[in-house]
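Notes follow the structure.
Read-outs throughout are calculated quantities, based only on the coordinates presented, and are distinct from any laboratory measurement. What you see is a predicted model, and the numbers here were worked out from it, not measured in a lab. Cβ sites come from the backbone with ideal geometry, for glycine too, and all protein chains shown count toward neighbours.
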């Protein structure tokens with residue numbers, strides 16, 4: 001029986017028939033996950049080297065996080081913010097202390113977090129900095145990815161904004177990695193600089209050394225809020241708690257998501273100072289599910305495990321050695337191996353014909369990863385991965401890229 005005649009094919013047929021085609025997933029239908037491994041509907045096992053784009057930093061179904069989720073789900077799941085709940089206050093105290101910030105605004109998804117940061121920066125610009133009404137500007141970077149809402153794609157330079165106009169005004173793009181371009185773009189109406197410390201969807205692109213520190217100086221000099229989108233790079237992925245920590249930079253505003261939900265529930269957060277977050281008044285912003293007790297309990301448990309098990313340190317050690325091994329692969333189709341911690345990109349030469357077909361070959365070998373930016377294979381396993389699993393993955397990667 002061929003794969004096309006299996007349970008996998010039937011599930012994919014259902015998706016093709018009834019789901020909007022806003023994704024192009026690999027032809028694998030996962031039914032069960034545990035740790036770094038998943039099993040499909042036909043009983044085939046795979047090593048997950050994508051981690052749901054870093055949402056699964058703790059692996060699949062982490063027993064402590066699942067237990068916390070189950071116990072809270074049996075007690076209280078949702079109140080909305082119309083009422084207080086007994087998990088929200090402790091969560092706010094915990095996450096602000098954990099991240100070195102003063103206040104938090106809870107949301108659910110990463111894109112919601114970015115939208116929240118934009119609203120925060122604009123109101124701060126009008127009420128604190130004194131920017132004229134409706135003149136606020138936010139500077140973003142080329143090759144960025146911050147989500148798929150209309151406002152967010154309005155400052156994207158990929159093809160995702162075609163046919164979705166009119167676009168939201170008030171944004172400028174500058175070259176990623178050029179602090180000089182940032183400073184030249186700032187005007188009296190600039191309220192914020194929104195950036196990724198490492199561009200994930202853009203192809204695991206690292207800025208030049210010193211870039212973040214220089215941007216910090218520029219933002220401080222011009223009274224511009226520095227907003228770090230650490231949705232994918234934060235919470236240990238790059239070998240530090242936050243990717244900005246590699247240069248000792250503290251942003252004015254921090255956007256978190258993905259791994260904050262422990263891989264079991266959507267949780268995002270925007271954190272900043274009391275001066276910045278203090279611009280909000282009741283009715284300015286909200287979310288029915290933001291700050292719900294289930295999300296709060298899960299996030300606190302996830303952050304507790306992150307620190308207790310030193311997952312950032314684990315990512316730094318394992319990622320460094322794994323990337324060094326990947327650099328030893330002698331293949332004419334590899335242009336560059338780059339990354340930080342357990343966020344690694346293998347860029348292929350254009351003549352290779354794109355990274356997607358190699359991701360499919362790796363899936364045939366029992367390893368799941370995904371292409372990004374056409375020619376880059378993204379490697380981002382759960383931070384709990386064992387060395388023996390990385391050794392197993394290396395053998396498959398070397399085989400596929402040298403065949």
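General observations
- Stretching residue 307 away from residue 361 to a fully extended chain increases their span by 15.9 nm, per 0.36 nm per residue minus the current alpha-carbon distance.
- Label-to-label distance for residue 403 and residue 67 is 4.3 nm, based on points extended 7 Å past Cα in the beta-carbon direction.
- Springs between Cα atoms under 10 Å define the GNM used for the chain, and in it the highest mean-square fluctuation of 296, 160, 92 occurs at 160.
- Helical mean residue ellipticity (222 nm; -39500 (n - 2.57) per DSSP H run of 4+; nearest 500) of the chain: -10000 deg cm²/dmol
- Protection proxy ranking of 268-275, 236-243, by the mean of other Cβ atoms within 10 Å over each peptide's residues and highest first, is 236-243, 268-275.
- Considering only beta bridges that DSSP places wholly inside the chain, some 65 percent are antiparallel.
- Fully extended contour minus Cα-Cα distance, from residue 39 to residue 74, at 0.36 nm per residue: 9.8 nm
- For the range 265-305 versus the range 312-380, the gap between their alpha-carbon centres in whole angstrom: 34 Å
- Alpha carbon centroid spacing (whole Å) that separates the range 77-111 from the range 155-230: 27 Å
- Rounded FRET efficiency, nearest 0.05, which uses the C-beta distance separating residue 285 from residue 392 and R0 of 51 Å: 0.65
- The mean sequence distance of close C-alpha pairs (under 8 Å, at least 6 residues apart), as a share of the length of the range 63-308, puts its relative contact order at 31 percent.
- Among 94, 145, 58: highest mean-square fluctuation, GNM of the chain, C-alpha pairs under 10 Å: 94
- Contour excess over end-to-end distance, with Cα ends at residue 173 and residue 185 and 0.36 nm allotted per residue: 3.5 nm
- Residue 103-residue 10 pseudo-label distance in nm [points 7 Å out on the Cα-to-Cβ vector]: 5.4 nm
- As a rough footprinting exposure proxy, the listed residues 178, 156, 321 were ranked by other beta carbons within 10 Å of their own, and the order from fewest upward is 321, 178, 156.
- Neighbour-count order for 62, 146, 163, fewest beta carbons within 10 angstrom listed first: 163, 62, 146
- Per-peptide average of other Cβ atoms within 10 Å, ordering 218-230, 110-122 highest first: 110-122, 218-230
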